[in-house]
Amino acid sequence: MPKKFLTIHGHFYQPPRENPWTEAIERQDSAAPFLDWNERIDHECYTPNAYARINDDDNRISTIINNYEWISFNFGPTLLSWLEKFSPRTYERILAADRNSLRRHPGHGAALAQAYNHAILPLCNQQDLNTQIRWGLADFRYRFGREPEAMWLPETAVNERVMRALIDHHMKYVILSPYQARRVRPLTGGDWRAVEQGEIDITQPYRWFDRNAGGERLAGRFIDVFFYHGGLARGVGFEHLVRDARHFAAQVDVAFSNHGNNQPQLVSIATDGETYGHHEHFAERGLAYLLQRAAPQRDIAITTYGAYLAEHPPQQEVDLKPGPNGEGTAWSCAHGVGRWARNCGCRSGGPAEWQQEWRAPLRAALDQLRDELNQLALELGEPLFKDLPAARDGYITVILQRTPERLQSFLEHHQRRPLSPEQKIAAIKLMEMLRNAQLMYTSCGWFFTELSGIETVQIIQYAARAIQLAEALSRRPFEENFLRNLKAAPSNVKTYRDGEGVYDKLVRPAIVSFTRVINTYAFRALFFEAPAQEKLYHYSLQREDLTTTTAAGAALLTGLVQAQSGITTESLRYGFALIKHGSADTAQCFIRRVTGSWNYYAQRDALVQRFHAGGELADHLQKHWATQGYGLQNIFFEERQQLIRLMLQDRLDEIGEAYRRLYEDNLTLIRNLRDLGATIPEELSVPARYTLSLELRREIERLGESTEAEAYRRCLEISRLAEKLGIELNTEWAGQHLQAMLEKRLHALSADFSPACCQEILSLIDIAQKLKLHLTPDHLQNIIFELLQERVLPLIDTVAADPQNRQAYELSSLFLQIAYHFNFNIKVYKDRMKALEEQLAADPSVWP
């Protein structure tokens, strides 16, 4: 039996980044070239760990493994919801990893739950603490289809109250930093031994007992504790230990203690999962090699916490540090949990002179807002729900699956009595108010140095959304008091001054109302053919009327639209009138909610008549439609970018045509300069690069999905001409286009593993190489590896069992060519065919 066990735990988490009103992530320039940080970190970490390469000595891929299957891990629920939607193949690999781990360690999977949105649990009030745990557990059950054994504590922040809550929710163990332990002693009793400096023996689990006021153990009230190896975790997270897997394994080996009467020992390492690939590029490969090769070579068995605990229960009792004022401790704060409550001295980034005096006022502002919202919820929720706390905890079922059926089921289960349509909307708004009040405590809001950082702005946005819902429900002002409290939070940036300035400049512009949705729809209708039914983020729009009137270079667009929120289900009708004189950037849209006696059609007809008569419209619109007009700057960011591009297109076409003429007029000069070995001046090279790149793109667009090499003759001529002229073409679009064609055909092979499709793929590879297009191979390699495992290996076995199946043999050989082009070591597959090849060479008659 092995005596040395290793568990690597990855805490995979990103803060929720969605705009609280659209429920979509907006472009984050700091994550470029990706849309946002979730997308970037998925590309660098989450997907690479689902498909971790182990390369041979020639740097060819010998195999690809799912790291998640071999480690212990937790994923933040808000991150998993993003992966489910935007990276579904990786999401499925994560779920499959837990299933496979359960088979390897019966009953003890790789996945752990996590408190829902990474709030610092010791700083939560009791109600929020329970909700954070219950939502995290519900999310885990929904995704992994089983009960979790343990829950990852955000920042490992813990105190006695949190430990008791985990026991209440039947958690078996928890993972902590060795520096969070205070003292230990044998389970049988005896003297306590102090371990406050991190000297606790981390190779064994411990048991923490819930005690009554007299200090006695409460029967059955305990939870077990694993302490990770602090030195190894620091080495992985900050000292690049994972760069050399063999050295990494040697350091793990040294960590096993020599004392202990040759009893089994567990060394565990817990770090942010993003270390493997995002913070440390390609670290997922070092991790894969450690798990599959380096550790086993040293007789170190890979296991999970739950599996180890089942075989080796604790023999020692542990007492935890209480932290200042009993607040608790955490792995990333040397001052208990002060990092999330005050200017404790912990910092991350920013100039040395920046301070964090804003932390305490921010938390105080949120705490007061939370209390006000909870009081409002009690007042308004009493006639709607039979048990408000139970309804809040149960609302996670709606968050996980926002379908009409799930919402109806939630209401039927929790409503005090059958609700009217208006009461149903009020009930949902109340739940959404409380959901945003949870999200506004996401820990990242306090972690970094500056109040105006994107993480802190994000949590203030959640507060603003909660305030908006509270004011809509109660018709009372909540924002004014919140801003007064925020003003006490000083910013390090003069532009903002304080929290109120951050709110005004960074939070308020993100706020979305139905009016802004209608304004965006109206401007889109001005430029595009607007469908009768459209969806903008979660808002569903149903057009009842759209009338366009033009005269003397001016345009009037009027419309009647029914808009419904996909979150609150609230549905409202709006009329709009968009007037444009000249350029669209000066256009104004006047929007009015259709209520009471206001008749859209009568108002539209009167406005159109006035427009044709040349009458003044602005005063009329302000009097009969809305006092304020909205412009292009008020529409959603992504839609605004599209419209700006469209508005510029004519001008860009003119510039492009000027470039083409410059290139054609000076082509002979460019050739002569090139023949003389001279550098082409930028004034000539830029038009040449633009023109030839555009010509290449248009030619590839004309060819569409063609895979015939001969069809790309003109493309090759353009490429060769550019090379001869010393011009580096912009081939980004062409590369993306051929990559998409390759992915499409590789996916097609899953359903139809045919020679024709393989030949098309090989042809596209040849075309891409000749055109010197840059392909991103990772995703293609992932698909190829799955096909090698799922289709090629069974095909080779088929040939071995039936040597007369020549088609299967040739198809296997054909796909191995594709795999070789994408840097796979195909020796293992060819070796399986070698005996068959020798048989066929000796007796070709076995083939018909």
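The values are calculated or read from the model by the stated rules, or taken from the named source; none is laboratory data. What you are looking at is a predicted structure, and each value in this text was computed from that prediction instead of being measured. Methodologically, a virtual Cβ is constructed for each residue, glycine included, from the backbone with ideal geometry; neighbour enumeration extends over all protein chains shown. All accessible areas refer to the heavy atoms of the entire protein, side chains included, with ligands and DNA or RNA removed. Shrake-Rupley method; radii C 1.70, N 1.55, O 1.52, S 1.80 Å.
Which ³J(HN,Hα) values, rounded to whole Hz and listed in residue order, are derived for the range 807-818 from phi using the Karplus coefficients 6.51, -1.76 and 1.60 in 6.51 cos²θ - 1.76 cosθ + 1.60 with θ = phi - 60°, glycine and proline given as x?
4, 5, 5, 5, 5, 4, 4, 5, 5, 5, 5, 4
Using a 1.4 Å probe, how large is the accessible area of R17, given in Å² and rounded to the nearest 10?
Around 20 Å² of this residue is reachable by solvent.
Using the Cα gyration tensor of the chain, with a ≥ b ≥ c the square roots of its eigenvalues, what is the shape: rounded (a/c below 1.5), prolate (a/b larger than b/c) or oblate (neither)?
Details: a/c = 1.87, a/b = 1.06, b/c = 1.77.
Here the chain falls in the oblate category.
Around I567, with a cut-off of 12 angstrom between Cβ atoms, what is the net charge of the other residues, counting Lys and Arg +1 and Asp and Glu -1?
Spelling it out: positives minus negatives among the neighbours equals 0.
With a cut-off of at most 14 other beta carbons within 10 Å, and DSSP calling the residue loop, which GluC sites (Glu not before Pro) in the range 664-753 qualify? Please list them.
In loop regions of the range 664-753 (DSSP not H, G, I, E or B), the sparsely surrounded GluC sites (Glu not before Pro) are E705, E708, E728.
Using the Cβ atoms and a cut-off under 10 Å, what net charge is assigned to the surroundings of L729, where Lys and Arg are +1 and Asp and Glu are -1?
Details: positive: R689, R697, K772; negative: E695, E723, E728, E732.
Local net charge: -1.
How big is the antiparallel share of DSSP beta bridges in the chain, given as a percent to the nearest 5? Please list the in-between numbers first.
Details: 55 of 83 bridges.
For the chain, the DSSP antiparallel bridge percentage is about 65.
What lysines could a cross-link reach from K386, if we take a straight Cα to Cα line under 26 Å and drop same-chain neighbours fewer than 8 places away?
Here the lysines satisfying the reach criterion relative to K386 are K424, K429.
For the pairs K770/K830; K744/K827; K85/K535, note any where the Cα-Cα span goes beyond 21 Å. Present the calculation step by step, with values, prior to reporting the outcome.
Working: K770/K830 28 Å; K744/K827 27 Å; K85/K535 17 Å.
Pairs exceeding the cut-off: K770/K830; K744/K827.
So how much accessible area does W340 have, in Å² to the nearest 10, using a 1.4 Å probe?
Per-residue accessible area (W340): approximately 0 Å².
Under a cut-off of 27 Å between alpha-carbon atoms, report the lysines in cross-link reach of K3, not counting same-chain residues fewer than 8 places apart.
K172
Just tell me which aspartates and glutamates come within less than 17 Å, Cα to Cα, of K4; anything on the same chain fewer than 8 places away is out.
Straight-line reach from K4, under 17 Å: D201, D253, D299, E311.
Roughly how many Å² of E23 are accessible to a 1.4 Å probe, to the nearest 10?
The accessible area comes out at roughly 60 Å².
So which trypsin sites (Lys or Arg not before Pro) in the range 433-506 pass both tests, a DSSP loop state and at most 11 other Cβ atoms within 10 Å of the Cβ? Walk me through the intermediate numbers first.
On the way: sites: R435, R465, R475, R484, K487, K494, R497, K505; in loops: R475, K487, K494, R497.
Sites meeting the loop and neighbour criteria: R475, K494.
Using modelled backbone amide H atoms (1.01 Å from N, in-plane), which distant-in-sequence or interchain residues come within less than 5 Å of L536's amide H?
Here the answer is L541, since their amide H atoms fall under 5 Å of that of L536.
Hey, if we sort I783, I454 by accessible area with the 1.4 Å probe, largest down, what's the order? Don't jump to the answer; show the numbers that get you there.
Details: I783 5, I454 80 Å².
Ranked from most to least accessible, the order is I454, I783.
Give me the net charge for the shell around Y68: Cβ to Cβ below 12 angstrom, other residues only, Lys and Arg +1, Asp and Glu -1. Please report the intermediate quantities before stating the final value.
On the way: positive: R93, R99; negative: E69, E92, D98, E284.
Taking every other residue near Y68 into account, the sum is -2.
Identify the chymotrypsin sites (Phe, Trp or Tyr not before Pro) of the range 532-636 meeting these criteria: DSSP loop state and at most 16 other C-beta atoms within 10 Å of the C-beta. List each step's numbers first, then the result.
Values: sites: Y537, Y539, Y574, F576, F590, W598, Y600, Y601, F611, W625, Y630, F636; in loops: Y537, W598, W625, F636.
Qualifying residues, ordered by number: W598.
Tell me which residues come under 5 Å, amide H to amide H, from E544 once H is placed; ignore anything under 5 positions away on its chain.
L560, V561, Q562
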